[in-house]
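Asker: Sharing a structure here in structure tokens format.
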Amino acid sequence: MEKGVLFIALLISAFYSSSEAADSQTSFEDNFSIMWSEDHFKTSEDGQTWYLSLDKETGCGFQTKQRYRFGWFSMKLKLVGGDSAGVVTAYYMCSENGAGPERDELDFEFLGNRTGQPYLIQTNVYKNGVGGREMRHMLWFDPTEEFHSYCILWNNHQIVFFVDEVPIRVFKNNGDEKNDFFPNEKPMYLFSSIWNADEWATRGGLEKTDWKRAPFVSSYKDFSVEGCQWEDPYPACVSTTTKNWWDQYKAWHLSDSQKMDYAWVQRNLVIYDYCKDNERYPKLPGECSLSPWE
């Protein structure tokens, strides 16, 4: 997997984004606003690590002040340790502040579990309020012991979900009218939140949240974005340009080393893929026919 990480590092350094793209800063106040329950949000003394907590009363969440259309979005998270059944930590991009009926959305959801059982990571894609594109993966490490990076590469050709810069999911766009399920028109905010979802999150809702273990705390640091910051009516950096590495040809496809990492993930860590669920989808969605290797 080291080669895949090196490729991303070289790509970023070789094609550093222009002044049209958003500056990357680590200050929470510069980048984010609290969505709700400010008393459930804390920072470290130096302000570089942020904590969201969940108790029986409420959870907490934050969102970026800016919207983006295309780019590279990265955050390091350390998830709730111990018995986290029923608890969901969400890290996602969405075109609306709420779960509106016409929203576009790109999701990482971390599904808690009983002590000793592994976390599951669920990804999903929405377009115009329609989702149903779930995949679930196991992880190759314990995400509660230390921080790990979770990243999204989004351009007009593909959406790639990365864990520690290893691609775990590729969602392609071939520009064909028959493949109309690719969110590429609406700018999105980036969000994170912690909340109770024990009606579905752990073993389909069989395992409930143990509130005696509250508060449940998720931790964040090192937010980084190199993307096209939205400006009404239409920012120039949305168009393909040689100034932005995340929208150049090399970012339209996985590299050879990334393909090796991705193949390993597909063989060993995928536990659910909607494109293989013929009972749910007797006729598979059109994008399922697109190859992630191209």
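The values are calculated or read from the model by the stated rules, or taken from the named source; none is laboratory data. As the structure is a prediction and not an experimental result, all values here were calculated from the model. Because the Cβ atoms are built from the backbone with ideal geometry, glycine has one as well, and the counts that use them run over all protein chains shown. Accessible surface is based on the protein model in full, side chains and every heavy atom, while ligands, DNA and RNA are left aside. Shrake-Rupley method; radii C 1.70, N 1.55, O 1.52, S 1.80 Å.
Asker: Hey, among VAL125, VAL160, VAL170, VAL166, which residue is in contact with a Phe, Trp or Tyr (Cβ under 6 Å, 6 or more places away or on another chain) and surrounded by 21 or more Cβ atoms within 10 Å (Cβ to Cβ)?
Answerer: Result of the check over VAL125, VAL160, VAL170, VAL166: VAL125.
Asker: From the residues in region 32-58 that are of a type in the set (Gly, Ala, Ser) and surrounded by 17 or more Cβ atoms within 10 Å (Cβ to Cβ), which one is farthest from LYS221 (Cα to Cα)?
Answerer: By that ranking, first place goes to SER37.
Asker: Contact list please: Cβ distance under 9 Å, first residue in region 59-87 and open to solvent by less than 10 Å² (accessible area, probe 1.4 Å), second residue in a loop (DSSP other than H, G, I, E, B) and of a type in the set (Lys, Arg), pairs at least six apart or on different chains.
Answerer: Filtered contacts from region 59-87: SER84/ARG114; ALA85/ARG114; ALA85/LYS208; GLY86/LYS208.
Asker: Restricting to region 206-230, what's the tally of residues that are open to solvent by 20 Å² or more (accessible area, probe 1.4 Å) and over 23 Å from THR64 (Cβ atoms)?
Answerer: Let us first name the residues in region 206-230 that are open to solvent by 20 Å² or more (accessible area, probe 1.4 Å), namely 206-208, 210-215, 217, 221-222, 224, 229-230.
Right, trim to over 23 Å from THR64 (Cβ atoms) and you get 206-208, 210-215.
Within region 206-230, residues that are open to solvent by 20 Å² or more (accessible area, probe 1.4 Å) and over 23 Å from THR64 (Cβ atoms) number 9.
Asker: Which of (1) touching a residue at least 24 places away in the same chain (Cβ under 8 Å); (2) within 21 Å of ASP273 (Cβ to Cβ) does TRP200 not meet, given it meets every other one?
Answerer: (1)
Asker: Report yes if GLY116 is at pLDDT 95 or above, part of a loop (DSSP other than H, G, I, E, B) and farther than 16 Å from TRP195 by Cβ, otherwise no.
Answerer: Considered against the rule, which asks whether it is at pLDDT 95 or above, part of a loop (DSSP other than H, G, I, E, B) and farther than 16 Å from TRP195 by Cβ, GLY116 comes out as no.
Asker: For GLY204, indicate whether it is in a helix (DSSP H, G or I) and small (Gly, Ala, Ser).
Answerer: So GLY204 fits the description; yes.
Asker: Of the residues PRO118, PRO101, which is open to solvent by 10 Å² or more (accessible area, probe 1.4 Å), under 22 Å from LYS76 (Cα atoms) and more than 18 Å from the chain's Cα centre (by Cα)? Let's see the steps before the verdict.
Answerer: Details: PRO101 fails: under 22 Å from LYS76 (Cα atoms).
Exactly one of PRO118, PRO101 is open to solvent by 10 Å² or more (accessible area, probe 1.4 Å), under 22 Å from LYS76 (Cα atoms) and more than 18 Å from the chain's Cα centre (by Cα), namely PRO118.
Asker: Looking only at residues that are crowded, with 21+ Cβ neighbours inside 10 Å and modelled with pLDDT under 85 in region 176-205, which one is nearest to GLU287 (Cα to Cα)?
Answerer: Of everything passing the filter in region 176-205, ALA201 is nearest to GLU287 (Cα to Cα).
Asker: Ok, one more. Only one of (1) touching a strand residue (DSSP E or B) at 6+ places or on another chain (Cβ under 8 Å); (2) in a loop (DSSP other than H, G, I, E, B); (3) among the hydroxyl-bearing types (Ser, Thr, Tyr); (4) closer than 20 Å to ASN124 by Cβ fails for TYR281. Which number is that?
Answerer: (1)
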